[in-house]
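Some notes on the structure that comes next.
All of the numbers you see were taken from the coordinates with simple rules; none came from a lab. Since the structure is predicted, the reported quantities are computational estimates derived from the model, not experimental observations. Quick reminder, even Gly has a Cβ in these numbers, built from the backbone with ideal geometry, and neighbours come from all protein chains shown.
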Amino acid sequence: MKLAELSASIAHEVSHPLTSVLTSSNACQRWLKANPPNIERALLAIERITRAANAACDVVNHIRALSTQPGVTRELVAPQSLVEEARDLMADDASRYFVRMELAVESDLPSIVVDRIQIRQVLVNLIRNGLEAMEFVPRSRVLRMSVECTDHTVRFAISDCGMGLKFPDRIFEPFFTTKFQGMGMGLAICRAIADAHGGRLFAKQNDPYGTTFELALPFEVPSLPEVVEPSGSTL
Ligand code: ADP
């Protein structure tokens with residue numbers, strides 16, 4: 001990713017939690033100025049501020065890691081926990097969009113070695129796009145998420161019943177957006193993160209409507225530990 005794109009990507013990823021910080025700060029002030037002040041509500045708003053500020057810090061640190069050595073922030077993670085964290089982070093947004101989120105996770109999934117925050121960020125972005133795609137659809141709004149494993153690959157799918165893709169060939173280009181206030185960096189970052197993990201991110205149209213994004217991440221089949229001779233040479 002080039003420098004201009006990287007800066008734009010950081011701006012994109014932190015703007016969402018920063019907006020939450022502002023909204024919750026305003027709410028907090030209102031609760032404290034009320035007569036009598038509502039301390040309980042104010043404390044809840046402060047909790048939301050802390051959560052959002054932490055999310056912004058995480059994002060900055062891990063996007064920065066995109067441009068530094070690969071591998072340093074990788075850890076062994078259960079795929080189910082990644083998708084559950086992303087779903088929980090987006091739960092308030094989903095209820096604002098009147099969307100029901102459904103999650104199906106295959107049992108006995110292998111763990112994967114990934115940058116947890118980056119992959120969670122990809123899933124959060126895909127969920128947010130799915131919610132936005134259903135904003136004006138006149139049918140019941142369901143976002144289906146699934147995780148399964150085939151061919152040594154863990155596959156996350158996020159499927160909406162929204163308006164579908166108008167420009168399927170362009171959506172992964174940096175700065176391509178069809179949204180009034182969009183920045184067009186979300187999917188470009190998501191694809192860069194998928195590539196950096198040796199994985200793939202692609203979209204397909206649903207029949208009869210909507211879009212499914214699939215993030216496919218390879219996992220390594222554990223090999224037998226190497227036997228090392230006392231001299232240090234490997235057998
Ligand atoms: P932004 O959300 O800022 O527009 P993205 O890179 O996330 O940036 O998305 C680029 C474009 O891809 C969107 O403007 C939209 O046209 C299209 N898109 C992404 N996700 C979906 C979806 N789930 N359904 C329909 N169109 C989508």
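General observations
- When Rg and the Kirkwood Rh are both derived from Cα coordinates, the Rg/Rh ratio for the chain amounts to 1.04.
- In this Cβ point-charge picture (+1 for Lys and Arg, -1 for Asp and Glu), the chain has a dipole of about 1120 debye about its Cα centre.
- Taking the chain and dividing mean pair separation by its residue count, relative contact order in percent (alpha carbons under 8 Å, at least six apart): 16
- Number of Lys pairs (Cα under 29 Å; 8 or more positions apart or on different chains) in the chain: 6
- Residue order, fewest to most surrounding Cβ atoms within 10 angstrom, among 39, 63: 39, 63
- Within the shell defined by Cβ-Cβ distances under 14 Å, the residues around residue 135 carry a net charge of +2, with Lys and Arg each +1 and Asp and Glu each -1.
- The residues 176, 167, 202, 213, when put in order of fewest to most other Cβ atoms within 10 Å, stand as 167, 202, 176, 213.
- When 12, 152 are arranged by Cβ crowding within 10 Å, least crowded first, meaning fewest neighbours, the order is 152, 12.
- Formal net charge of residues neighbouring residue 161 (Cβ-Cβ distance under 9 Å; K, R +1; D, E -1): +2
- A dipole drawn for the chain from +1 and -1 charges on Cβ atoms has a positive end, and of 183, 143, 73 the residue lying farthest that way is 183.
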